[in-house]
Amino acid sequence: MSESVQSYPSAAPVGVDTTRASIARVYDAALNGKDNFEVDRAVLDQVRAVAPGVAELAWANRDFLIRVCRFLAKEAGIDQYLDLGSGLPTAENTHQVVQRVDPGSSVVYVDNDPMVLAHARALLAGNPRTTIVEADIFRPFEVVKHPEVREELDFSRPIALFQIGTLHHYAADDVAAVMRSYLDVLPSGSYVAIAHFLDPETAEYSDLARKMEEKFVHSPMGSGRFRTRDEIQALFGNLTMIEPGLVLCDEWWPDGPQLTPLSSVRHCIAGGVGFKP
């Protein structure tokens, strides 16, 4: 799924406002992608003033996603995925990881960014078990009642729902209510994975988290909430947490021993997976 904008007639598909930063394009810039513009890179530049390693938030988020996909496909046997706010195509997307384990897995991406939609539709055209749906991920009923979502996913069987690096861009305090709406419609046996910017509430890292939040919120992107551990845990509702629970993204079943200490920035993003009995 990884291709540069040169694969398309225009680097800015119709409907893309290149004067405003896009969440998806800012993440793309952090991952050294090519599908971003000067206004998106300016967001990272602004945050780098207080956190030179800000791009590591995106890398920790991406690595967490990949490990979660492997776990759910191999160990949990999940073959249906609803990836909310999927972002721009990059290496090792959800469908690539899970379909490597089980080629019969169905993956539905949901986004409403015009650039994401244009690129993903072109790249997914030849994959009958993967599609992208245009909807607002912060309107749960718009998503779960969408005809394409219902056509591609069987809500009588377990589904894995992803909010990976998305909910910190929802500023309102009713974010837990948004998640409850999703949790209520998921069938028994489903899993929910969340990665979210974290305020560790420690003397060493909390100040950094709040400084990054201030820069993100007052940047051209205009969002990036660093919530506390309790606030993030509340997003899982009454789900049963898979060990090791809600932890730093890098500490959720890493691929090997941590030979070097985590950077300060990597202490400011947490992730976890919950199970609906």
Legend entry - the range 220-255, residues that are farther than 20 Å from V175 by Cβ and not hydrophobic (A, V, I, L, M, F, W, C): P220, T240, E243, P244, D250, E251, P254, D255
Inset, instruction - Would you please name the residue that is surrounded by the fewest Cβ atoms within 10 Å (Cβ to Cβ), looking only at residues in the range 45-55 that are in contact with a helix residue (DSSP H, G or I) (Cβ under 6 Å, 6 or more places away or on another chain) and of a type outside the set (G, A, S)? - result: V50
Legend entry - Single unsatisfied condition, D79 versus (1) in contact with a Leu (Cβ under 6 Å, 6 or more places away or on another chain); (2) buried (at least 22 other Cβ atoms within 10 Å of the Cβ): (1)
Inset, instruction - Just need a number here: residues in the range 184-212 that are surrounded by fewer than 17 Cβ atoms within 10 Å (Cβ to Cβ), outside any loop (DSSP other than H, G, I, E, B) and in contact (Cβ under 8 Å) with a residue 40 or more places away in the chain. - result: 2
Inset, instruction - State whether one or more residues within the range 59-70 are under 21 Å from L167 (Cα atoms), at pLDDT below 95 and not aliphatic (A, V, I, L, M). - result: no
Inset, instruction - Please specify each residue of the range 119-150 satisfying the condition of being aliphatic (A, V, I, L, M) and surrounded by 18 or more Cβ atoms within 10 Å (Cβ to Cβ). - result: A120, L123, L124, I132, V133, A135, I137, V143, V144, V149
Legend entry - Residue selected from the range 154-168 under the condition surrounded by fewer than 20 Cβ atoms within 10 Å (Cβ to Cβ) and either among the hydroxyl-bearing types (S, T, Y) or in contact (Cβ under 8 Å) with a residue 40 or more places away in the chain (or both), by the criterion farthest from A73 (Cα to Cα): S156
Inset, instruction - Look at S181 and say whether it is assigned to a helix (DSSP H, G or I), over 14 Å from N61 (Cβ atoms) and among the hydroxyl-bearing types (S, T, Y). - result: yes
Legend entry - Set V39, V107, V68, V26: member being surrounded by 22 or more Cβ atoms within 10 Å (Cβ to Cβ) and touching a Ser or Thr at 6+ places or on another chain (Cβ under 7 Å): V107
Legend entry - Cross-chain or 6+ apart pairs with Cβ under 7 Å, the range 231-243 first and under 16 Å from L186 (Cα atoms), then in a strand (DSSP E or B) and of a type in the set (A, V, I, L, M): L235/I194; F236/V192; F236/I194; L239/V192
Legend entry - L88 being at pLDDT below 95 and touching a Gly at 6+ places or on another chain (Cβ under 8 Å): yes
Legend entry - Close pairs from the range 248-277: first of a type in the set (K, R), partner outside any helix (DSSP H, G or I) and surrounded by 14 or more Cβ atoms within 10 Å (Cβ to Cβ), Cβ under 7 Å, at least 6 apart: R266/L248; K276/L186; K276/G189; K276/S190; K276/L239
Legend entry - helices (runs of 4 or more DSSP H) fully within the range 56-165 counting 3 or more residues that are of a type outside the set (D, E) and in contact with a helix residue (DSSP H, G or I) (Cβ under 8 Å, 6 or more places away or on another chain): 94-101, 114-123, 140-144
Inset, instruction - Scan the range 237-255 for residues that are part of a loop (DSSP other than H, G, I, E, B) and either modelled with pLDDT of 95 or more or on the phi > 0 side of the Ramachandran plot (or both) and report the count. - result: 11
Legend entry - In the range 41-55, the residues that are in contact (Cβ under 8 Å) with a residue 40 or more places away in the chain and in a helix (DSSP H, G or I): A42, V43, Q46, V47
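The values are calculated or read from the model by the stated rules, or taken from the named source; none is laboratory data. Just so you know, these numbers come straight off a predicted model, no measurement behind them. Using ideal geometry, Cβ is built from the backbone for each residue, glycine included, and neighbour counts are taken over all protein chains shown.
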